[in-house]
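Notes for the one structure printed next.
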Amino acid sequence: MSDNARDPSQPLYTQIDVSHSSVGGESEPGDPMLSLQQEQVRLLQELVSSQDRQNQLLEELVATMGGAQRQRAAELGQWKQANPQLAQSCRHAAEALGRVQTEFLSSLTEEVSDSFDGLVDGEFMFNEFVDRFGPRMAHLNGILQVLSQLAAGHGTPPANPK
């Protein structure tokens, strides 16, 4: 037999202890576990520092956005006080256009139901549908949004345009 032959009575694998053990809980200066722990602590400190910076930036962003929103609300309030009749008229117009939008959506959904197969199968039909309803829907929504903002907080809230 050769010297490389394995004795069948000996186990194929041996058990290796990889746990960290030190006397008195102290690590030696050249200990690789100490440098690994130090690296982990350093990385965790960097993570905490980065998280603190992100929190600061978010707080600044919220303060900036909140300030702009408060300024806009104050300006809108001043406008409403200076133009109470116009604010009331905007409320009525928003309610009326909300009803118009409801009718428009009704005709749009009816059109979709009637020509569903053509919309799915034909690009021309779909483009015609979008050209016919898309711009009107976008403009109507924009007008309703402006009127609702100008009328908000004046008497009863405007009807939900959607």
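Residues that are touching a residue at least 24 places away in the same chain (Cβ under 8 Å) and polar (S, T, N, Q) within the range 53-111 comprise GLN88, GLN101, listed in sequence order. Can you name the residue in the range 101-150 that is in contact with a Leu (Cβ under 9 Å, 6 or more places away or on another chain) and among the aromatic types (Phe, Trp, Tyr) and, of all such residues, is nearest to LYS80 (Cα to Cα)? Out of the qualifying residues, it is PHE104. Considering the range 73-111, the residues that are of a type in the set (D, E, K, R) and surrounded by 14 or more Cβ atoms within 10 Å (Cβ to Cβ) include one that is farthest from VAL146 (Cα to Cα), namely GLU111. Among the residues of the range 117-153, those that are crowded, with 16+ Cβ neighbours inside 10 Å and among the aromatic types (Phe, Trp, Tyr) comprise PHE129, PHE133.
No value in this document is a laboratory result; all are computed from the given coordinates. Keep in mind it's a predicted model, so treat the numbers as computed, not measured. Because the Cβ atoms are built from the backbone with ideal geometry, glycine has one as well, and the counts that use them run over all protein chains shown.
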